[in-house]
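Here the structure is laid out as structure tokens; the discussion comes afterwards.
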């Protein structure tokens, strides 16, 4: 049981390049999330997916797209990277069922630098 | 505006000592409050979760308290260890709205031998 896995761990991009961050979970969770973490700020929600086939914008969605490929996988795409997207990106997943307060599990993060 | 504020920003203590971290929030309507531990270079890991009706919860040497009336929470660490060196993040969940999880900026704790 690997939990939440993310690839790659580190990435350096030039301005304008594109890339996809991958996330997978093996806990059969229905909800998945993408956050970014910047110095001096709390984690901010980029996009989330409440269930397979659905995605919704979070607090800071501009410049990103997501795909919920299946129940396990939720990818984040930067179409044209900008220096402002330099950050640490975290994927998380959670079981959402009957209004219960289940724990959110985080992946190890992807450290992205855009030059 | 929904906000979560944590204090202090950073803290240095000696191994074996106790410490208390603070979290004040203005999130409404309130659903639950969680404390996470984030080691350097890792993702956050949940320590405790408390709902409106709970005013204390323990997880080993970690004890969280919640005062829903004053909208304050604290995380008390007893007999600190070097492995407690990490950032501690307070997260408040709202029962309405799109951005249901509001994260604090964290308290960075360093435990010295």
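All of the numbers you see were taken from the coordinates with simple rules; none came from a lab. A quick note: this is a predicted structure, and the numbers were derived from the prediction, not measured. Backbone-built Cβ (ideal geometry, glycine too); neighbour counts: all protein chains shown.
With the simple model of a label 7 Å out from the Cα in the direction of the Cβ, residue A:79 to residue B:28 spans 3.9 nm. Could you identify which residue out of A:98, A:16, A:42 has the top mean-square fluctuation in a GNM of chain A using Cα springs shorter than 10 Å? Looking only at A:98, A:16, A:42, the largest GNM fluctuation is found for A:98. In terms of surrounding Cβ atoms within a 10 Å radius of their Cβ, A:10, B:52, A:106 rank from fewest to most as A:10, B:52, A:106.
When a/c is below 1.5 the answer is rounded, else prolate if a/b is larger than b/c, else oblate, so apply that to region B:34-90 with a ≥ b ≥ c taken from the square roots of the Cα gyration tensor eigenvalues.
Details: a/c = 2.40, a/b = 1.69, b/c = 1.42.
Judged from the Cα gyration tensor, region B:34-90 comes out prolate (a/c at least 1.5, a/b above b/c).
Over its Cα atoms, what ratio of radius of gyration to 2.2 N^0.38 Å does chain B give?
Numbers: Rg = 13.6 Å, N = 113, 2.2 N^0.38 = 13.3 Å.
Rg over 2.2 N^0.38 Å, computed on Cα atoms: 1.02.
Computed over chain A, relative contact order equals 35 percent, with contacts defined as Cα pairs under 8 Å that lie 6+ residues apart. Among B:19, A:23, sorting on how many other beta-carbon atoms sit within 10 Å of each Cβ, with the fewest leading, yields B:19, A:23.
In region A:37-104, the C-alpha radius of gyration followed by the widest Cα-Cα span (Dmax) gives 13.1, 41 angstrom. Comparing A:66, A:12, A:88 in a Gaussian network model of chain A where C-alpha atoms under 10 Å apart are linked, the largest mean-square fluctuation is found at A:12. For chain B, the relative contact order works out to 37 percent when only alpha carbon pairs closer than 8 Å and six or more residues apart are counted. Summarising the label geometry, the points placed 7 Å from Cα in the beta-carbon direction at residue B:82 and residue B:55 lie 3.9 nm from one another. Kirkwood hydrodynamic radius computed over the protein assembly as shown comes to 18.2 Å, based on all pairs of distinct alpha carbons.
Report the antiparallel proportion of the DSSP beta bridges in the protein assembly as shown as a percent, rounded to a multiple of 5.
Numbers: 73 of 82 bridges.
Within the protein assembly as shown, antiparallel bridges account for around 90 percent of the total.
Can you tell me what the convex hull of the Cα atoms of chain A projects to on average, as an area in nm²? Write out the running numbers ahead of the final one.
Numbers: hull surface 27.7 nm².
It is 6.9 nm².
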